[in-house]
Amino acid sequence: MTESPVRVRFAPSPTGYLHVGGLRTALYNYLFAKKSSGRFVLRIEDTDRGRYVEGAVQNLIKTLKWAGLDFDEGPGAGGESGPYIQSERTELYRQHAEILLEKKAAYRCFCTPDRLEQMRREQEKQKLTPKYDRTCLRLSEDEIRENLNSGKPFVVRMKVPDDVNVSFNDIIRGDVEFHSRQIDDQVLIKSDGYPTYHLANVVDDHHMRISHVIRGEEWLSSTPKHVLLYRAFGWEMPQFAHLPLLLNPDRSKLSKRQGDVAVEDYQQKGYLKEALINFIALLGWNPGDEREIFSLAELEKEFSLERVNKAGAVFNVEKLNWLNFQHLRSKPDGEVLAMLKEHLAKSGMDPAKFGDDYLLRVITAMRERVSFIKDYTEKSPYFFRAPNEYDPAIIKKRWKPQSAEYLSKLGEQFAKLASPQKQEYEDSLHRTAESLKVGNGELIHPLRLAVSGMGEGPGLFDILVILGKEETIRRIGSAIDRIKPAAA
Ligand code: GLU
């Protein structure tokens, strides 16, 4: 079998956390690799030493693994094109800068930061696009040698050819064209000897035999510089696919100000990885029909770059919440049980106190009502402890002057039942209502308030069965003692 020629990479700069936009880029690369039986490479682009953050790489890898996006090559995973961390490849970039200098496709620039700043201000005043003015391109060989000998710091700039069209095909956007006039003589090697993103990115994509560059739209304007570099080296270009921007609901660019952007924030808030992946997959891609719920395995089969659209994708948290509900709802009991136990323990409760059977019954009762694991204790705290207080609005609406007396009768009747199930509770309540000559509602509503402290939840008789007879009667007793009818 011949190896698939498809090789893609996710190339994050380790800034300390994984942005949801980064997760989308990683996911689309991963899915594209899976779909084409290709390889998914993780490359760490850490040549901006000023932005170095301790532990960021490990954090990133941990988050990708949490999401289920295993990479075939990368730090810790091995592969033939390593090292996969750019700061360990600086010699390669230096050699390639040398090649460009020899080909006169790049030149050394000795301009000081002060001079560049002055130039920029001048251009601004004259309303010109800020661009390097090529002072150092005009230096003679002698001047260059002199500067080097005297140890003057320098950068290496790319020499953008004059008056050429720079065009490329983008799988998502079609033909894209820039004119070289619009392109600055980009710095390729900084004065600290480290390459800029542009040089390192192109050199690595070539040496790592990347076939498709799939990345966010914010990199589209860098692509002509990359195209020129491929041309200068005489290398074949990969195919490009620039993914649509992620937008806030008001269609501004997705920002921290309007919500969380770190994948870890969503993890901490209790989102399931299945829901987040499903949600992120739909930010720019659609299956071409009405389906919305996908597992990662289904996405691996369905995904295609052809179905990614150009228009910005709105990040709608409501939809994410809905997907979380859907994925949580379809999880097997055993998995939900494990998560619920973990949640109880984290909230300071001992899961063993309840026992698995009890918790499984709670899960069955609440399955259609919870979007998050934390909803078990937030929406139905009464399964884990007797109510401390009773909802005043429900007292006002449902607790009548006679309610205490009615519930007391009902408690007496319940006490006579032997291991009651739903039906027995229900029959007993109906008989009591009849003997009191009141409607069932006169008992049902105060009873719900007494056992749960609330006015809504799963079926009342289901709650009673789960709590058990003793506890039900105990709660009726405390409610009678503690609830005072609201003043009329
Ligand atoms: N290091 C860039 C980033 O942080 C990679 C862009 C690209 O994929 O070319 O997103």
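The values are calculated or read from the model by the stated rules, or taken from the named source; none is laboratory data. In this text, all values refer to a predicted model and were calculated from it rather than measured experimentally. No Cβ is skipped: glycine too gets one built from the backbone with ideal geometry, and neighbour counts run over all protein chains shown.
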Q.
So in region 339-355, with the set limited to residues that are in a helix (DSSP H, G or I) and surrounded by 14 or more Cβ atoms within 10 Å (Cβ to Cβ), which one is farthest from the chain's Cα centre (by Cα)?
A. Phe354
Q. For region 384-402, does any single residue satisfy the condition of being acidic (Asp, Glu) and not in a loop (DSSP other than H, G, I, E, B)?
A. no
Q: Out of Glu300, Glu290, Glu378, report the one residue that is touching a residue at least 60 places away in the same chain (Cβ under 8 Å) and of a type in the set (Asp, Glu).
A: Glu300
**Q.** Set His226, His242: member being over 23 Å from Leu31 (Cα atoms), modelled with pLDDT of 95 or more and buried (at least 20 other Cβ atoms within 10 Å of the Cβ)
**A.** His226
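Per-residue answers, yes or no, for (1) closer than 30 Å to Cys111 by Cα; (2) without any contact (Cβ under 8 Å) to a residue 40 or more places away in the chain; (3) touching an Asp or Glu at 6+ places or on another chain (Cβ under 8 Å):
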{"site": "Arg173", "(1), (2), (3)": "no, no, no"}
{"site": "Ser180", "(1), (2), (3)": "yes, no, yes"}
{"site": "Asp185", "(1), (2), (3)": "yes, no, no"}
{"site": "Ala200", "(1), (2), (3)": "yes, no, yes"}
{"site": "Ser211", "(1), (2), (3)": "no, no, no"}
Q) Does Asn29 satisfy being in contact (Cβ under 8 Å) with a residue 24 or more places away in the chain and under 19 Å from Ser304 (Cα atoms)? A) yes
Q: Collect the residues in region 405-434 that are outside any loop (DSSP other than H, G, I, E, B), touching a residue at least 24 places away in the same chain (Cβ under 8 Å), touching a Lys or Arg at 6+ places or on another chain (Cβ under 8 Å) and among the polar types (S, T, N, Q), keeping them in residue-number order.
A: Thr432
Q) Limited to region 6-19, what total is found for residues that are surrounded by fewer than 23 Cβ atoms within 10 Å (Cβ to Cβ) and over 18 Å from Glu73 (Cβ atoms)? A) 5
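Identify, from the list Glu290, Glu318, Glu236, Glu302, the residue that is within 27 Å of Val202 (Cβ to Cβ) and out of contact with any Leu (no Cβ under 8 Å at 6 or more places or on another chain).
After applying the criteria, what remains is Glu236.
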Q.
Checking the condition among the aromatic types (Phe, Trp, Tyr) and farther than 22 Å from Phe40 by Cβ, which residue from Phe279, Phe240, Phe233 passes?
A. Phe233
(Q) Quick check on region 180-209: of everything there that is farther than 17 Å from Ile44 by Cβ and in a helix (DSSP H, G or I), which residue is nearest to the ligand (Cβ to nearest atom)? (A) His206
Q.
Step by step: first the residues of region 362-393, then only those that are touching a His at 6+ places or on another chain (Cβ under 8 Å) and not polar (S, T, N, Q), then the one that is nearest to Ala450 (Cα to Cα). Which residue is that?
A. Tyr376
Q. Within the bounds of region 296-308, is there any residue that is in contact with a strand residue (DSSP E or B) (Cβ under 9 Å, 6 or more places away or on another chain), within 24 Å of Asp70 (Cα to Cα), away from the ligand (no atom under 16 Å from the Cβ) and of a type in the set (Phe, Trp, Tyr)?
A. yes
Q. Filter region 210-235 for residues that are under 28 Å from the mean Cα position of the chain (by Cα) and assigned to a loop (DSSP other than H, G, I, E, B); which is nearest to the ligand (Cβ to nearest atom)?
A. Ile210
Q.
Between a residue in region 137-149 that is on the phi < 0 side of the Ramachandran plot and any residue that is aliphatic (A, V, I, L, M) and surrounded by 11 or more Cβ atoms within 10 Å (Cβ to Cβ), which pairs come within a Cβ distance under 8 Å, given they are 6 or more apart or on different chains?
A. Asn147/Leu139
